[in-house]
Amino acid sequence: MVSGSSPATMGYVLGALALAESLAISDPHRRRLCMVTSTIHPDALAVLINNGMWELIQIEDIQTPPTTTKTNHNNEINTLLTTRKSSTFTKLRILDPNTSILSTLDMFLFIDADAYVRSTTKTKLKQLFEPFDQNNNSAAIASMYPISAAQNIPFPRCITTKKGKEKCFSKEYEFNTGVLRIIPSEKLTSLQIFDILFHDANGPDTSQQLQGWNTWDTDQAILNDVLNYTLVTTLSSELNSLMCCSFYDTRLKTVAEKAVVVHFSVSAPFKPWEMMRYEAMIKMGMKTIEDYTFVPWFLENSIFFDVYIEWRNFATQGMKRLDGLNKRKMELYMMREKDFLNV
């Protein structure tokens, strides 16, 4: 899914181009669907259309209840936060029975645009695509959970701060929503996730629901709250290997090497397209390696070097499919985000 009306959306567009290339190599005959919102930046939409690697589905942004911010005197409506949450939660349209194309499928795999499928062994790829080859086996599908995901953190990812305190970045028991296998069946309907959150006035305690909207920051927080995670963490962590959170933990190199799906689940400066921009700026003399706090991923001594180089090659191949105008838009975004609007 790609959404957002700001120029920064172009980064996720580049991620979608890379993801499409990786899927085309790994599983070339499967349909590739990309959800886009009606408010997507027009240049971002133009690039996706021109690339031609995705079948685009237009959806509407989710309008979340107003988010309040506690102040010293009262609770005030935080319009900016409400808007940001609405954009984040729109991903939940994958569970909306009114998303017509998805609801007609026997099964589909959702992958975030900041992830890609590695060019790995056929044995590992079999883990990812084998369930889809059982489409004619209704008994096999019936035995699967309607929603499947991987554990968020396969081991505690923490760092020791300069003050000697340990800081951890995620709860170990959560499931991550960057890769979700969905079976749109009666079992999924019975969960009533989408209706509970957005439509059903007779659902769970309304006061708790509204309180949830104030505390939920992401779609992942919602689904971990609404669903019993022990019924969902059924995918191998290799099918959603998180490239986060401590850049000095050497165990992450092993995780990256074993990954089938690499998920760059880190803050904005560490998204692969930002690393690609930074790498280009260094080559042009606009930046130096020393300007960066951590070891940039494009250096061989980075623990993420191999996965970054592979992602960059996919992204580059995706850009090669663009015509001159749309390629220029992407190139200008990579150098100076504001300038591509004038092309």
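The values are calculated or read from the model by the stated rules, or taken from the named source; none is laboratory data. A quick note: this is a predicted structure, and the numbers were derived from the prediction, not measured. Here Cβ is always computed from backbone atoms with ideal geometry, including for glycine, and neighbour counts include all displayed protein chains. Only protein heavy atoms, including side chains, enter the accessible area calculation; ligands, DNA and RNA are left aside. Shrake-Rupley method; radii C 1.70, N 1.55, O 1.52, S 1.80 Å.
Observations, loosely collected:
- Residue count for the range 278-299 satisfying the condition of being over 25 Å from Thr177 (Cβ atoms) and assigned to a loop (DSSP other than H, G, I, E, B): 12.
- Within the range 262-300, tally of residues that are small (Gly, Ala, Ser) and farther than 30 Å from Leu235 by Cα: 2
- Of all residues in the range 32-48 being surrounded by fewer than 23 Cβ atoms within 10 Å (Cβ to Cβ) and among the small types (Gly, Ala, Ser), the one that is nearest to Leu102 (Cα to Cα): Ser38
- The range 4-21: number of residues that are under 19 Å from Leu109 (Cβ atoms), open to solvent by less than 50 Å² (accessible area, probe 1.4 Å) and not aliphatic (A, V, I, L, M): 2
- For beta carbons closer than 6 Å, sequence separation of 6+ or different chains, a first residue in the range 159-185 that is modelled with pLDDT under 75 and a second that is of a type in the set (A, V, I, L, M, F, W, C), the qualifying pairs are Glu166/Cys158; Lys167/Ile159; Cys168/Cys158; Phe169/Cys245; Ser170/Ile153; Glu172/Ile153.
- Restricting Ala280, Ala259, Ala315 to residues that are farther than 25 Å from Ile40 by Cβ, touching a residue at least 24 places away in the same chain (Cβ under 8 Å) and among the small types (Gly, Ala, Ser) narrows the list to Ala259.
- Residues that are surrounded by fewer than 24 Cβ atoms within 10 Å (Cβ to Cβ) and either part of a helix (DSSP H, G or I) or of a type in the set (Phe, Trp, Tyr) (or both), drawn from the range 22-31: Leu23, Ala24, Ile25, Ser26
Here is a yes/no grid of residues against (1) surrounded by 20 or more Cβ atoms within 10 Å (Cβ to Cβ); (2) under 19 Å from the mean Cα position of the chain (by Cα); (3) over 20 Å from Ile111 (Cβ atoms):
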| position | (1), (2), (3) |
| --- | --- |
| Thr254 | no, no, yes |
| Val261 | yes, yes, no |
| Trp273 | yes, yes, no |
| Val295 | no, no, yes |
| Asp306 | no, no, no |
| Arg312 | no, yes, no |
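- Meets criteria (in contact with a helix residue (DSSP H, G or I) (Cβ under 7 Å, 6 or more places away or on another chain), open to solvent by 40 Å² or more (accessible area, probe 1.4 Å) and either among the aromatic types (Phe, Trp, Tyr) or farther than 17 Å from Met335 by Cα (or both)) for Lys287: no
- Any hit, the range 74-95, residues being part of a strand (DSSP E or B) and either at pLDDT 75 or above or of a type in the set (Lys, Arg) (or both): no
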